[in-house]
Amino acid sequence: MKPLAGRAVLIAAALLTMLGCAALPKTERAGTAFGERTFMLAGAGVPAIVFEAGLGDGKDSWTRLFNELRDTSRVFAYDRAGYGGSPARDGARSGAQIVDELRALLQAAGVRPPYVLVGHSLGGTFVELYAGLHPQEVAGVVLVESRHESFAQRCKQIAAPICEPPATLVSLMPGAAAQEYHAANVTMDQVRSAGPFPNVPLVVLTGTRKLVEGPAFNKAWLETQQRLVRLSPQGRHEVCESCGHYVQRDRPELVVRAVREVVRASTASGRR
């Protein structure tokens with residue numbers, strides 16, 4: 001091998017390692033009563049860490065965190081119906097349906113509760129609903145830029161110019177994302193009517209670098225993020241001024257630290 005070529009290979013390998021992509025687990029498949037789903041599973045230990053991606057995203061949105069957390073506990077990320085290798089499904093795609101499908105997949109994959117649930121954006125709303133419906137299965141929660149059920153109302157109260165995605169953007173959403181978006185109001189109603197959020201360790205991560213949405217949107221967002229923190233007496237809020245909506249991309253170490261914190265706290269409390 002020529003010296004320059006060899007050096008290029010070494011540099012490429014180093015970059016892959018730094019990006020956390022060097023030894024990702026292979027994608028697995030499991031059949032459930034709701035159809036086949038694709039997922040990644042790594043590590044060992046309890047409670048298992050379960051990732052729920054946001055609107056339009058699949059399991060790959062958590063790629064950078066996988067290798068960081070596989071030494072902490074068992075780690076699981078998956079593709080909802082219509083994402084990645086998971087076949088699309090017709091009909092309702094509200095949060096309650098997605099929670100049912102996730103529970104069935106976790107059982108099929110042999111990942112037993114309790115779980116530390118980590119949700120981004122709309123995925124955080126699904127996680128919040130999961131915790132309200134099945135509190136006995138939840139050891140802790142990390143919410144990454146998750147929307148509180150009162151955000152839309154508060155955003156309109158302060159007359160923010162942008163409270164929801166423009167209609168043109170919604171019209172461009174692919175099938176699965178559009179199904180989930182159009183069911184979002186139903187999902188929020190389900191969150192409101194679910195049981196109380198369990199008294200478990202909770203970290204809420206909020207990015208404030210939202211340049212397009214503007215200051216009024218950011219004000220309403222930050223106010224309602226603080227309401228998320230109060231879901232649990234053990235809630236903690238961390239604000240990242242250099243982060244946008246994707247904290248896991250802008251500052252992945254913050255999410256890793258929050259997940260490890262919640263795993264440790266749930267283990268210390270005996271909720272495992």
- Item | Diffusion coefficient, µm² s⁻¹, Stokes-Einstein with Kirkwood Rh over alpha-carbon pairs of the stretch 81-199 at 20 °C and 1.002 mPa s | 139 µm²/s
- Please state, rounded to one decimal and in Å, the Kirkwood hydrodynamic radius that the stretch 48-132 gives when every pair of distinct Cα atoms enters the mean of 1/r. 13.1 Å
- Mean residue ellipticity (222 nm) of the chain, computed from DSSP H runs ≥ 4 via -39,500 (n - 2.57), nearest 500: -12500 deg cm²/dmol
- Note on the structure: In the neighbourhood of Gly85 defined by beta carbon distances under 12 Å, the net charge of the other residues (Lys, Arg +1; Asp, Glu -1) is +1
- Note on the structure: Length gained if Ala92 through Gln107 is fully extended, taking 0.36 nm per residue and subtracting the Cα-Cα distance, is 3.2 nm
- Between Thr27 and Arg257, with labels modelled 7 Å along Cα→Cβ, what's the label distance in nm to one decimal, could you check? 3.3 nm
- Task: Along each of the three principal axes of the Cα atoms of the stretch 134-272, give the extent in whole Å, ordering the values from largest to smallest.
- Result: 48, 34, 30
- Message: Testing the spin-label approximation: label points 7 Å from Cα along Cα→Cβ at Leu169 and Ser269. State their distance in nm.
- Response: 3.5 nm
- Note on the structure: Across the alpha-carbon set of the stretch 78-121, Rg over Rh with Rh taken as the Kirkwood radius works out to 0.96
- Shape metrics for the chain, restricted to C-alpha atoms - Rg then Dmax, Å: 18.8, 66
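Each value in this text was obtained by applying a stated rule to the coordinates, not by laboratory testing. Computed from a predicted model, the values in this text were never measured in an experiment. Neighbour counts run over all protein chains shown; Cβ positions are idealised from the backbone, glycine included.
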